[in-house]
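Everything on this sheet refers to the single structure shown next.
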Amino acid sequence: MISGDTTTIANVVTTAPTRKIINVLFGALIFRLSIPVVQNLLSKRQLMNASFDKLRLINTYGAFGVVSEEREELIISSAENVNGPWKEYEFKVKVGDVYRRPRWISPYHYRMDWQMWIAACSGSIQRSPWIYNFLCKLLQRDEKVLGLLANDPWAGVESSNGDEYGHEQVQDAGANEEKVDPKQTDYLPMHKTGQPRYIRIDRYK
């Protein structure tokens, strides 16, 4: 025995063929409007970001009209000493380690990796000023920024406070000279051993 609203069942039966007709008509419209778009794609002089109907229902879109034959990559590394060793930062999907297999990224969009690629295509990093703030955050080991990367090359490295200068500062206090602990001053740069102090960007093809 089937119970329920017979009116609702009748509406479903009536809607099904109507929806099919609408889908077929819509598909035919898209097919018709797509003909000049396909012709444009096959043309030797393609139009980028162009529309071919008054309502602009179907159009061509292209973020890059020309793709370069060579790809440059920006590789970021840091070190405690300017003479090294340098530790490389790995991104989640951006090209870096040549021995790592390509990553499957769909349907996600890794904006940090994408921004690094755009910066590499833009020439000098001065045209991407956000990178300077990014590098400072890496030196500070900002957890949120490091979370955008695949690894923290300094993770697991034991660090300890160290005085960059090996001397004591003497402050003139009139008749009595008072020795000031450098660790209590706010203008002597401090450095933790086992932590990044220098950072650089190398460009590779």
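When you check K137 against the structure, is it modelled with pLDDT of 80 or more, under 16 Å from I76 (Cα atoms) and part of a loop (DSSP other than H, G, I, E, B), yes or no? Answer is no for this residue.
All conditions but one from (1) outside any strand (DSSP E or B); (2) modelled with pLDDT of 50 or more; (3) over 17 Å from the mean Cα position of the chain (by Cα) apply to K192; the one that does not is (1).
Within the range 129-141, residues that are at positive phi have Cβ atoms under 9 Å from residues that are open to solvent by less than 20 Å² (accessible area, probe 1.4 Å) in these pairs: R141/W154; R141/P196, counting only partners at least 6 apart in sequence or on another chain.
G162 passes every criterion in (1) open to solvent by 40 Å² or more (accessible area, probe 1.4 Å); (2) outside any loop (DSSP other than H, G, I, E, B); (3) more than 21 Å from I105 (Cβ to Cβ); (4) modelled with pLDDT under 90 apart from (1).
List every residue pair whose Cβ atoms lie under 8 Å apart, where the two residues are 6 or more positions apart in sequence or sit on different chains, the first residue falls within the range 97-121 and is in a helix (DSSP H, G or I), and the second residue, located anywhere, is basic (K, R) and open to solvent by 70 Å² or more (accessible area, probe 1.4 Å). Note: pairs meeting the criteria are A119/R127; A120/R71; A120/R203.
Filter the range 80-91 for residues that are closer than 17 Å to G147 by Cβ and out of contact with any Asp or Glu (no Cβ under 6 Å at 6 or more places or on another chain); which is least open to solvent (accessible area, probe 1.4 Å)? That would be Y89. So for the range 105-114 (the condition being over 30 Å from A28 (Cβ atoms), modelled with pLDDT of 85 or more and among the β-branched types (V, I, T)), does at least one residue qualify? No, the range 105-114 contains no residue that is over 30 Å from A28 (Cβ atoms), modelled with pLDDT of 85 or more and among the β-branched types (V, I, T).
The values are calculated or read from the model by the stated rules, or taken from the named source; none is laboratory data. Every value quoted in this text rests on a predicted model; they were computed, and no experiment measured them. Neighbour counts are summed over all protein chains in view; Cβ atoms, including those assigned to glycine, are modelled from backbone coordinates with ideal geometry. Side chains are part of the model used for accessible areas, which takes the heavy atoms of the whole protein and leaves out ligands, DNA and RNA. Shrake-Rupley method; radii C 1.70, N 1.55, O 1.52, S 1.80 Å.
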